[in-house]
Amino acid sequence: MSTPDLDSVIEYLQALQANTCQALEDADGQGRFIDDAWVREEGGGGGGNTCILRGGQVFEHAGVGFSHVFGQQLPPSASRERPELAGCGFQAAGLSIIIHPLNPYVPTTHCNVRFFMADRNGQEPLWWFGGGFDLTPFYGFNEDAVAWHHTARQACDAIDEGLYATFKKNCDEYFYLPHRGEARGIGGLFFDDYNTGNFEQDFLLLKSIGEHFLKAYLPIVSRRKDHPYGERQRTFQLYRRGRYVEFNLVYDRGTLFGLQSGGRTESILMSLPPQVRFDYDWHPQPGSEEETLYKEFLPARDWLA
């Protein structure tokens, strides 16, 4: 098993953060990110930098957050799949990207790339990568869905042509709200506990996914950002954002890890949308664009068939 290089991962994630912020500022044309560096004072040590863009002309809210934290005891959310590591010391480095656009015809999106290393009391450390990206449209377009998944497959095929189908299935199953019986969006890629034993090769996978994210998303933004919309579309967008809130607060492992490890609450919850609404027992009108989202886009399907 090759030796993990945490410093190289941190250097890459910080560079990806800077490049992502610049690309999003260019795409917005008006909004600018503010840097909010922080130090973790509870649960161990470490810190990070949370970059936030608010009130842009394209992106209502965007967050690009880097963190490197460590502690003496791996949180339950991280050791659930590896119970033998409960109580072990750890280091974790990651980059989380969340984008809530203003125009309802531009999808919300999320990307996360991360690296964990657990200390096994004098033995070789156990390490793994995780992450992926997913798309949450409010109004569906087949062109966008196919292009999104095509680029997701390219990200995987650059490393191993067998990965896309697995990571796509993982994503469909993970970003799902059981209590609603519906998906959060149209999926993408999701992987966790990934370790082939070859650190360099697995690190290349992380890089490929990180570098394909904006290649998949920004063309969709360009196509939809000037689409006309009105109060009905905005109201539906805010309603569907409620599903995003439900998933992140109830099921999201990253949120749970951050809170359980004594992370910085403001940075952990940067993924939440700036405005949202909850309407009791709402249902879309038959034949409407809103119903099309539920019937044709949210059910899991093979977009590249």
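Please tell me the relative contact order of the chain in percent, rounded to the nearest whole number, where contacts are Cα pairs under 8 Å and at least six residues apart.
Relative contact order comes out at 18 percent.
If I stretch the segment between residue 6 and residue 150 completely, what's the gain in nm (0.36 nm per residue apart, minus their alpha carbon distance), one decimal?
Difference between extended and current length: 48.8 nm.
Of all accessible surface on the chain at a 1.4 Å probe, what whole percent is carbon and sulfur?
48
For the residue pair residue 280 and residue 177, what label-to-label distance in nm results when each label sits 7 Å from Cα along the Cα-to-beta-carbon direction?
1.8
Across every pair of different alpha-carbon atoms, what Kirkwood hydrodynamic radius in Å does the chain reach?
19.8
Work out the length of the dipole vector of the stretch 12-74 about its Cα centre, built from +1 on the beta-carbon of each Lys and Arg and -1 on the beta-carbon of each Asp and Glu, and round it to the nearest 20 debye.
Once rounded to the nearest 20, the dipole reads 80 debye.
Taking the Cα centre of the chain as origin, work out the dipole magnitude from +1 charges on Lys and Arg Cβ and -1 charges on Asp and Glu Cβ, in debye rounded to 20.
Charge dipole, the chain, about its Cα centre: 600 debye, nearest 20.
Lys and Arg at +1, Asp and Glu at -1: add these up for the other residues within a Cβ distance under 12 Å of residue 246 and post the number.
Summing Lys and Arg as +1 and Asp and Glu as -1 gives +3.
Given a 10 angstrom Cα cut-off, can you work out which residue in 34, 186, 52 is the most mobile in a GNM of the chain?
34
With all pairs of different alpha carbon atoms counted, what Kirkwood hydrodynamic radius in Å does the stretch 142-242 show?
Kirkwood radius, the stretch 142-242: 15.5 Å.
Suppose every K and R has +1 on its Cβ and every D and E has -1 on its Cβ; what is the size of the dipole of the stretch 215-277 about the Cα centre, in Debye to the nearest 20?
300
Need one number: the % of Cα-Cα pairs in the stretch 155-305 sitting beyond the 25 Å mark.
Within the stretch 155-305, distances greater than 25 Å cover 42 percent of Cα pairs.
Express in Å², to the nearest 10, the accessible area of residue 295 obtained by rolling a 1.4 Å probe over the protein heavy atoms while all chains stay in place.
Counting only protein heavy atoms, residue 295 exposes about 140 Å² to solvent.
GNM on the chain, C-alpha springs below 10 Å: top fluctuator among 65, 188, 258?
The residue that fluctuates most here is 258.
Cut-off 10 angstrom, C-alpha nodes, Gaussian network model of the chain. Which of 261, 222, 67 fluctuates the most?
Of the options given, 222 has the highest mean-square fluctuation.
Can you list residues from other chains, or at least 5 along the same chain, whose modelled amide H is less than 5 Å from the amide H of residue 32?
Close amide H contacts, sequence-distant or interchain: 54.
Compute the length gained on full extension between residue 227 and residue 123: take 0.36 nm times their separation in residues and subtract their Cα-Cα distance, giving the result in nm to one decimal.
Gain in length upon complete extension: 31.8 nm.
Would you work out which of 92, 66, 52 lies farthest towards the positive end of the dipole of the chain, given +1 charges on the beta-carbon of Lys and Arg and -1 on that of Asp and Glu, about the Cα centre?
52
Which of 135, 164, 177 sits farthest toward the positive end of the charge dipole of the stretch 133-189, with +1 on the Cβ of Lys and Arg and -1 on the Cβ of Asp and Glu?
177
For the stretch 262-279 and the stretch 1-39, what is the centre-to-centre distance using only Cα atoms, to the nearest Å?
When both Cα centres are located, 20 Å separates them.
Could you rank 180, 153 by how accessible they are, 1.4 Å probe, largest area first?
Ranked list, largest accessible area first: 180, 153.
Along the Cα→Cβ direction, 7 angstrom out, place labels at residue 15 and residue 253. What is the inter-label distance in nm?
Output for this residue pair reads 2.7 nm.
The values are calculated or read from the model by the stated rules, or taken from the named source; none is laboratory data. The structure displayed is predicted, hence computed values, not measured ones. Backbone-built Cβ (ideal geometry, glycine too); neighbour counts: all protein chains shown. Accessible surface is based on the protein model in full, side chains and every heavy atom, while ligands, DNA and RNA are left aside. Shrake-Rupley method; radii C 1.70, N 1.55, O 1.52, S 1.80 Å.
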